[in-house]
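Here's the structure we're looking at; comments come further down.
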Amino acid sequence: MSDFFNGQGKIAYEGPDSDTPLAFRHYNRDEIVLGKRMEDHLRFAIAYWHSFAWEGGDPFGGRTFERPWFEGGMEAAQHKADVAFEMFSLLGVPYFCFHDADVRPEGESFSQSKRRLEAITDIFEQKIAQTGVKLLWGTANLFSNRRFMAGAATNPDPDVFAYAAATIKANMDVTHRLGGENYVLWGGREGYETLLNTHMSQELDQMGRMLSMVVDYKHKIGFKGAILVEPKPQEPTKHQYDFDVATVYGFLKRYGLEDEVKVNIEVGHAILAGHTFEHEVATAAALGIFGSIDMNRNDYQSGWDTDQFPNSVPEVALAYYHILKAGGFATGGTNFDAKLRRQSIDPIDLLHGHIGAMDVCARGLKAAAAIIEDGTYDAYIDDRYAGWKTPEAQAMLNGERSLDEIAARVEREGLDPQPRSGRQEYLENLINRFV
Ligand code: XLS
Ligand code: NI
Ligand code: NI
């Protein structure tokens, strides 16, 4: 045990009436919701980068956090790992996620960086065995170092493409070694600052090739996890190619990868794309590519990807409703891709942030489950589309009717469909009974 959290013991579930600040009021991991333990539904993960690597800077000022591992090489990285696993255990989260750059200092050469990543992986292996905390996903940081400023897979320089490929391979190898359940690709700089210097079709082909190689390599090494692409429309680049779920689906289709790759959907990215989070989840479910979620929230005034901890139960509930209707998580989970505000400088703030987020998600999950158990809402949707169950409607949908055959029937039967209310206000009131 390090002394980072000042002797704090494991965070306990105390129920909704508890006034202990560091306790769960709603997240009760063994409680059964729709026949499954809450922990197995939500599959919480902590993001190494925000909680342990981020220094509290903003465009107008640098580091505000003081963490003993910010200076120093591999020894500091080991200390960081000790504190990270201590926090995972205090909070009782089953998973964590990391990028190579979060866990090891950059080396002077590619080989040195890789050896350092492998050395940290040895440490992670032991910690996973000791604590039972598992790896939800691993990923490569292909956006912080200046070599990637013009993109990784989409860089005009083929040597950067090669460097990115080698970096991805190294990260897939350690993810596989650690039993990771997914491998994520977020294209932070796969896009452009200005179209004036950008050959778009060339860049898209490069990105398609990289993803195809990732899929091939996954099969080659026998990695059983899912390959996930994380959409985001902009930030850091002005325009990113993986704009949103629908755009990623079109990209996967074009390169023949739609059965091999799924999406990791982040709340803040959905908002930046002009969608709601539940829209993105429902789109992925409808297209058969739903994988995992990055849970956080944006500040609705600033228009930035502020990565705050979630705190709106109704928003979270609608997303979990769609996740439950899609069959829940398979390999995916709820990763808190969320960071403290830069004034929240104390270790205890990390605990407050995660405890609140876990409680919000637990309430959201319970509300979603209650909507499903009650059944009124699902029955409404079924009824709204009930007309499609008739044989004639099925024939139209299955391709057994042509445009002219349908046209002939409309005249023959003198069809005159009457509009029906969409009942939005009724549905809003209905949902509000549960959230
Ligand atoms: C940044 C992304 C990033 C990915 C992992 O906006 O959310 O944190 O989740 O590279
Ligand atoms: Ni993000
Ligand atoms: Ni993310």
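Given Asp359, Asp349, Asp383, which one is farther than 30 Å from Leu430 by Cβ, at pLDDT 95 or above and not in a loop (DSSP other than H, G, I, E, B)? Explain how you work it out, then say what you get.
On the way: Asp359 fails: farther than 30 Å from Leu430 by Cβ; Asp383 fails: farther than 30 Å from Leu430 by Cβ.
Answer to the check: Asp349.
State whether one or more residues within the range 311-325 are assigned to a loop (DSSP other than H, G, I, E, B) and surrounded by 22 or more Cβ atoms within 10 Å (Cβ to Cβ).
Going through the range 311-325, the residues assigned to a loop (DSSP other than H, G, I, E, B) turn out to be 311-312.
Add one more test, that the residue is surrounded by 22 or more Cβ atoms within 10 Å (Cβ to Cβ), and what stays is none.
Taking every residue of the range 311-325 in turn, none turns out to be assigned to a loop (DSSP other than H, G, I, E, B) and surrounded by 22 or more Cβ atoms within 10 Å (Cβ to Cβ).
Any idea which residue in the range 88-120 is surrounded by the fewest Cβ atoms within 10 Å (Cβ to Cβ), counting only those that are polar (S, T, N, Q) and more than 30 Å from Met38 (Cβ to Cβ)?
So the residue we want is Ser109.
Is it true that Leu350 is touching a Ser or Thr at 6+ places or on another chain (Cβ under 6 Å), aliphatic (A, V, I, L, M), surrounded by 11 or more Cβ atoms within 10 Å (Cβ to Cβ) and under 30 Å from Lys10 (Cα atoms)?
Working: touching a Ser or Thr at 6+ places or on another chain (Cβ under 6 Å): yes; aliphatic (A, V, I, L, M): yes; surrounded by 11 or more Cβ atoms within 10 Å (Cβ to Cβ): yes; under 30 Å from Lys10 (Cα atoms): yes.
So Leu350 fits the description; yes.
Has the range 127-147 got at least one residue that is part of a strand (DSSP E or B), in contact with a helix residue (DSSP H, G or I) (Cβ under 6 Å, 6 or more places away or on another chain), closer than 24 Å to Ala76 by Cβ and within 16 Å of ligand 3 (Cβ to nearest atom)? It would help to see each step written out before you state the result.
From the range 127-147, those part of a strand (DSSP E or B) are 134-139; that's our starting set.
Within this subset, residues satisfying the condition of being in contact with a helix residue (DSSP H, G or I) (Cβ under 6 Å, 6 or more places away or on another chain) are 138.
This time we only want the ones that are closer than 24 Å to Ala76 by Cβ, so: 138.
Filter once more, so that each one left must be within 16 Å of ligand 3 (Cβ to nearest atom): 138.
Within the range 127-147, one or more residues are part of a strand (DSSP E or B), in contact with a helix residue (DSSP H, G or I) (Cβ under 6 Å, 6 or more places away or on another chain), closer than 24 Å to Ala76 by Cβ and within 16 Å of ligand 3 (Cβ to nearest atom).
Could you list all residues from the range 40-70 that are part of a helix (DSSP H, G or I) and within 16 Å of ligand 2 (Cβ to nearest atom)? Break it down stepwise before answering.
Within the range 40-70, the subset part of a helix (DSSP H, G or I) is 40-42, 48-53.
Hits for the range 40-70 are Tyr48, Trp49, His50, Ser51, Ala53.
Take the range 279-307 and flag every residue that is of a type in the set (Gly, Ala, Ser), away from ligand 1 (no atom under 13 Å from the Cβ) and either assigned to a helix (DSSP H, G or I) or crowded, with 23+ Cβ neighbours inside 10 Å (or both).
Residues satisfying the conditions are Ala282, Ala284, Ala285, Ala286.
What number of residues within the range 258-274 are away from ligand 1 (no atom under 14 Å from the Cβ) and of a type outside the set (Asp, Glu)? Even if it seems obvious, please write down each step before you answer.
At the first step, the residues of the range 258-274 found to be away from ligand 1 (no atom under 14 Å from the Cβ) are 258-262, 274.
Pick out the ones that are also of a type outside the set (Asp, Glu) and you get 261-262, 274.
Counting residues in the range 258-274 that are away from ligand 1 (no atom under 14 Å from the Cβ) and of a type outside the set (Asp, Glu) gives 3.
Per-residue answers, yes or no, for (1) on the phi < 0 side of the Ramachandran plot; (2) among the basic types (Lys, Arg); (3) in contact with a strand residue (DSSP E or B) (Cβ under 7 Å, 6 or more places away or on another chain); (4) not in a helix (DSSP H, G or I):
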{"site": "Glu203", "(1), (2), (3), (4)": "yes, no, no, no"}
{"site": "Met207", "(1), (2), (3), (4)": "yes, no, no, no"}
{"site": "Lys220", "(1), (2), (3), (4)": "yes, yes, no, no"}
{"site": "Asp242", "(1), (2), (3), (4)": "yes, no, yes, yes"}
{"site": "Gly268", "(1), (2), (3), (4)": "yes, no, yes, no"}
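The values are calculated or read from the model by the stated rules, or taken from the named source; none is laboratory data. Not measured: the values here are computed from a predicted model. Neighbour counts run over all protein chains shown; Cβ positions are idealised from the backbone, glycine included.
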